[in-house]
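All remarks here apply to the structure that follows.
The values are calculated or read from the model by the stated rules, or taken from the named source; none is laboratory data. Fair warning: this is a prediction, and the values are worked out from it, not measured in the lab. Every residue, glycine among them, receives a Cβ derived from its backbone with ideal geometry; neighbour counts consider all protein chains shown.
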């Protein structure tokens, strides 16, 4: 798979709540339910404000804009930047999937989208690499995203057989398309994993690592593969990704190893070989260094949590 698909496959996002939100008058909600979750919503009509907490800068979102909140950081969404918020967990029905929540009679701002539970064992590490707020415009020729939003609204409105499942599947597509558009519009001053993916050289290096994690990668080999000098490549990678190239290679290998320890019946030696390690001992040492625990203990503890 490509790196974005790889990332989402490890996160295992599951659409838990797909709903509309119709607000009127003066209102503000502190979204205090974001830990271990991703929210992806589109502003269908009207406008709203988003302010990361604590003491973040409020930004206004207009109709046609989508936003993703992937970091777990608390956020206030409101009709204005200075409205005192109420906790969303105390105001909204947590089980109101497939419906529309109305606040103050509605009519001024309408949003539609989904909340995703993130079930991957490496979710915390992955989400830390994403910005606290991802914002894209669904207008201006981005027809696919607009179509997904309109289809989701139709499913929620009409209540046809299978509408709940359809809305959930559409919400996954909306999340991926929003992230894809965000990658495609990255500016030269952006940093972070998505910005690195958008960079023509560093993105190419990440794709090479993901396509062949077992290869005996070195900084020199990666730099040569993408056509940069070693020094320029290493510095550019560090600035964008926030880690050295070899740290990224090691972390990605161990994330893959962690998944295979739980999801497959492969032996530790076989997993080590598929990730380029000459011996189980070398693999175990690298795994403990990256994941904080030996692979057998990691496997045992993870499987015990899955047991009924």
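Observations
- Long-range neighbours under 6 Å by Cβ, at least six apart or interchain, first residue over 12 Å from residue 7 (Cα atoms) and not assigned by TED's automatic domain parsing to the domain that holds residue 172 within the range 118-134, second outside any helix (DSSP H, G or I) and at pLDDT 70 or above: none
- Any hit, the range 32-47, residues being modelled with pLDDT under 90 and exposed (fewer than 15 other Cβ atoms within 10 Å of the Cβ): yes
- Given (1) part of a helix (DSSP H, G or I); (2) loosely packed, with under 14 Cβ neighbours inside 10 Å, number of the condition residue 254 does not satisfy: (2)
- If you go through the range 171-189 and keep only what is free of Cβ contacts under 8 Å to residues at least 24 places away in the same chain and surrounded by 15 or more Cβ atoms within 10 Å (Cβ to Cβ), you end up with just 186.
- Listed conditions (1) in a helix (DSSP H, G or I); (2) without any contact (Cβ under 8 Å) to a residue 12 or more places away in the chain are all met by residue 207, apart from (2).
- Residue list for the range 149-189, restricted to those being under 30 Å from residue 203 (Cβ atoms) and assigned to a loop (DSSP other than H, G, I, E, B): 185, 186, 187, 188, 189
- When residue 57 is tested against (1) assigned to a strand (DSSP E or B); (2) loosely packed, with under 15 Cβ neighbours inside 10 Å, exactly one condition is not met: (1).
- Within the option set 209, 271, being at pLDDT 95 or above, within 23 Å of the chain's Cα centre (by Cα) and either on the phi > 0 side of the Ramachandran plot or surrounded by 15 or more Cβ atoms within 10 Å (Cβ to Cβ) (or both) holds for one residue only, 209.
- Considering the range 274-283, the residues that are at negative phi and in a loop (DSSP other than H, G, I, E, B) include one that is surrounded by the most Cβ atoms within 10 Å (Cβ to Cβ), namely 277.
- Tally, over the range 57-94, of residues that are more than 23 Å from residue 173 (Cα to Cα) and in contact (Cβ under 8 Å) with a residue 60 or more places away in the chain: 3
- Verdict on residue 235 being out of contact with any helix residue (DSSP H, G or I) (no Cβ under 8 Å at 6 or more places or on another chain), at pLDDT below 95 and on the phi < 0 side of the Ramachandran plot: no
- Checked against (1) modelled with pLDDT of 90 or more; (2) over 21 Å from the mean Cα position of the chain (by Cα), residue 153 passes all but condition (1).
- Selected residue [at pLDDT below 75, assigned by TED's automatic domain parsing to the domain that holds residue 60 and exposed (fewer than 13 other Cβ atoms within 10 Å of the Cβ)] from 82, 93: 93
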